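Input: a single structure, listed below in structure tokens.
The values are calculated or read from the model by the stated rules, or taken from the named source; none is laboratory data. The structure presented is a predicted model; accordingly, all values stated were derived computationally and were not measured. Heads up, the Cβs are rebuilt from the backbone with ideal geometry, glycines too, and the neighbour counts pull from every protein chain shown.
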Amino acid sequence: MRRRKWSDQWSDRVDRRFLEKIYGQAGMKKAMEKIEEITLLYEIGKTLSEHLDLRKSLYKVLDILSSSMNMVRGTITILDPVRNEIHIEVAHGISRTAIESVKYKVGEGITGRVIETGQSVAIPKISEEPHFLDRTDSRKSKPNQDLSFFCVPIKRENHVIGALSVDRPYSPEYPLEQGSKLLSVIATMVARQVTNLETIRVEKEKLRDENRRLKNELENKYRITNIIGNSNKMREVFQMISQVSGSNATVLIRGESGTGKELVANSIHYNSPRAPGPFVKVNCAALPPTLIESELFGHEKGSFTGAIKQKLGKFELANKGTIFLDEIGSITPDVQVSLLRVLQEREFERVGGHKTIKTDVRVVAATNKNLEDAVEDESFRGDLYYRLNVFPIYLPPLRERKTDVLLLADHFLEKYARENGKDVKRFSTPAIDMLMMYHWPGNVRELENCIERAVLLCDGGVIHSYHLPPTLQTGVESDTLPSMSLEEAVGKLERDMLIDALKNTRGNVTQAATTLKTTVRKFSYKAKRYGIGYQEYR
């Protein structure tokens with residue numbers, strides 16, 4: 001159904017006799033035309049700001065022009081700067097086949113000339129214009145109908161990016177210049193919207209690329225092979241991760257604090273079919289008992305003091321992905337009941353809500369507590385324990401996998417040397433002995449902090465024993481400093497320094513002596529005394 005003309009709509013609201021009395025008949029006509037023009041621009045501006053879909057907005061603009069300007073046909077053409085070709089982006093009154101097939105070269109026809117020069121064109125009668133190409137063949141259906149043609153450039157920052165063209169029935173009374181000016185204003189509005197939407201599109205594409213890059217980095221970072229360790233106990237852990245990653249089974253990761261439980265949880269998620277989905281982490285011990293239920297399951301507005309708006313819980317945010325519940329042994333009995341329902345029924349209600357929400361979430365939990373003892377003393381529900389303990393993975397403490405200490409130490413040395421811009425290459429022999437003999441109560445986390453500190457203190461290319469923390473140097477816990485005489489201690493230090501110098505110079509005695517600021521004769525004498533052969537370091 002054809003829309004009513006803007007002047008007809010406004011005639012219902014404006015008292016024509018009142019305007020005619022004030023401005024006269026001619027003035028009243030101009031006033032109505034002005035009102036119609038302002039209303040048209042308002043409606044077009046509103047339409048352009050309503051949608052992020054550019055094509056949808058442009059089609060609506062042409063619909064408005066059809067009803068307001070008696071437009072028979074209209075097109076918005078866009079210039080492809082790479083191909084130097086003009087194509088029809090949207091059209092009104094033209095067949096889809098013509099829209100898809102018709103192309104113009106810059107400077108070709110009226111539209112091509114407008115885009116080339118950036119100047120508007122108004123043709124009173126198309127039939128009298130020899131440069132008019134009519135590539136779309138849309139005007140042959142009514143050969144006897146005289147049409148006026150308007151074409152104005154669409155500019156962005158003084159660059160022509162397209163054109164807006166309109167056909168309307170020829171009328172000797174219609175002012176061509178006024179029509180061109182009106183369409184130029186509309187073209188400016190369209191150009192501004194094109195610019196805004198292009199900026200949004202570019203930013204969205206950047207965010208998509210960044211999202212893809214970060215996901216790839218996470219997948220690479222949390223590959224099973226990136227978990228460091230070659231001891232027999234860690235090989236068992238790798239095998240269990242490989243077996244469970246491809247399933248949806250609930251996993252319970254057990255081990256002392258600092259053994260890398262979160263790293264294993266990451267590896268399980270990013271090596272599973274749920275890797276494209278969200279991975280939500282919750283430290284249950286860090287949340288107050290009064291807020292943990294709201295954090296996990298969300299709450300409705302007004303459900304408690306301070307609930308000023310609805311909040312989505314972690315289970316809702318983790319839908320189609322994985323939720324990692326760290327320190328699961330610290331949750332209260334009330335939350336244990338709700339968690340048991342989620343594990344059994346895959347559904348829950350927000351705090352203060354009545355709507356049951358379904359969720360498809362894989363649960364990976366971790367604890368450093370003895371849950372069997374907690375079940376025994378009834379501080380942890382037995383049914384919840386058995387629901388969580390579907391596939392347990394035990395992470396051994398660092399003292400039970402001493403062969404991994406040097407692997408981890410070298411990894412952290414490289415990491416923190418790179419972060420701090422230092423050229424630290426290796427550990428001295430005494431430092432290695434101290435690292436191997438210490439019992440590491442804080443596990444991998446303590447080792448990482450220890451190496452970071454040593455890198456910060458180190459001014460050369462080698463981390464020595466005195467760069468390590470006092471807990472390792474005293475030897476109280478691990479006997480790292482056995483009792484010896486002063487002469488023995490000096491001899492041990494001399495031997496270690498000679499070996500380090502030969503390692504750094506790859507067995508070059510002259511360079512090694514220079515490094516220690518001594519002569520080659522003294523260096524060779526000391527090396528022979530301590531039984532050090534330079535050939536071993538070449």
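Considering only residues that are assigned to a loop (DSSP other than H, G, I, E, B) and hydrophobic (A, V, I, L, M, F, W, C), look in segment 508-538 and name the one that is surrounded by the most Cβ atoms within 10 Å (Cβ to Cβ).
532
Could you tell me whether any residue of segment 432-451 is in a helix (DSSP H, G or I), acidic (Asp, Glu), at pLDDT 90 or above and not assigned by TED's automatic domain parsing to the domain that holds residue 234?
Yes, the conditions are met somewhere in segment 432-451.
Determine which single condition residue 351 fails, assuming it passes every other condition in (1) in contact with a strand residue (DSSP E or B) (Cβ under 9 Å, 6 or more places away or on another chain); (2) at pLDDT below 90; (3) on the phi > 0 side of the Ramachandran plot.
(3)
Working only within segment 364-390, note down all residues that are under 21 Å from residue 346 (Cβ atoms) and of a type in the set (Ser, Thr, Tyr).
Scanning segment 364-390 gives 385, 386.
Suppose we filter 125, 140 for residues that are at pLDDT below 80, among the charged types (D, E, K, R) and in the same structural domain as residue 187 (by TED's automatic domain parsing); which single one remains?
140
Only one of (1) of a type outside the set (Lys, Arg); (2) at pLDDT 80 or above; (3) assigned to a helix (DSSP H, G or I) is not met by residue 119, so which one is it?
Unmet condition: (3).
Which condition number does residue 347 fail, the rest of (1) touching a Leu at 6+ places or on another chain (Cβ under 8 Å); (2) surrounded by fewer than 17 Cβ atoms within 10 Å (Cβ to Cβ) being met?
Evaluating residue 347 over (1) touching a Leu at 6+ places or on another chain (Cβ under 8 Å); (2) surrounded by fewer than 17 Cβ atoms within 10 Å (Cβ to Cβ) leaves (1) as the failure.
Filter segment 156-208 down to the residues that are of a type in the set (Asp, Glu) and under 20 Å from residue 78 (Cα atoms), then identify the one that is surrounded by the most Cβ atoms within 10 Å (Cβ to Cβ).
Within segment 156-208, the match that is surrounded by the most Cβ atoms within 10 Å (Cβ to Cβ) is 167.
Would you confirm, using the coordinates I've provided, whether residue 277 is surrounded by fewer than 18 Cβ atoms within 10 Å (Cβ to Cβ) and not assigned by TED's automatic domain parsing to the domain that holds residue 446?
yes
Within segment 84-95, is even one residue surrounded by 15 or more Cβ atoms within 10 Å (Cβ to Cβ), of a type in the set (Val, Ile, Thr), closer than 21 Å to residue 56 by Cβ and over 40 Å from the mean Cα position of the chain (by Cα)?
Yes.
Would you mind telling me which numbered condition in (1) touching a helix residue (DSSP H, G or I) at 6+ places or on another chain (Cβ under 8 Å); (2) modelled with pLDDT of 90 or more residue 311 fails?
Evaluating residue 311 over (1) touching a helix residue (DSSP H, G or I) at 6+ places or on another chain (Cβ under 8 Å); (2) modelled with pLDDT of 90 or more leaves (2) as the failure.
Restricting to segment 382-415, name every residue that is surrounded by fewer than 18 Cβ atoms within 10 Å (Cβ to Cβ) and of a type in the set (D, E, K, R).
383, 399, 400, 402, 410, 414, 415
Please work out which one of (1) within 30 Å of residue 439 (Cα to Cα); (2) modelled with pLDDT under 90; (3) surrounded by 20 or more Cβ atoms within 10 Å (Cβ to Cβ) is the condition residue 292 fails and give its number.
So residue 292 meets the others, but not (1).
May I ask you to list the residues in segment 503-538 that are over 20 Å from residue 489 (Cα atoms), at pLDDT 85 or above and of a type in the set (D, E, K, R)?
Hits for segment 503-538 are 517, 521.
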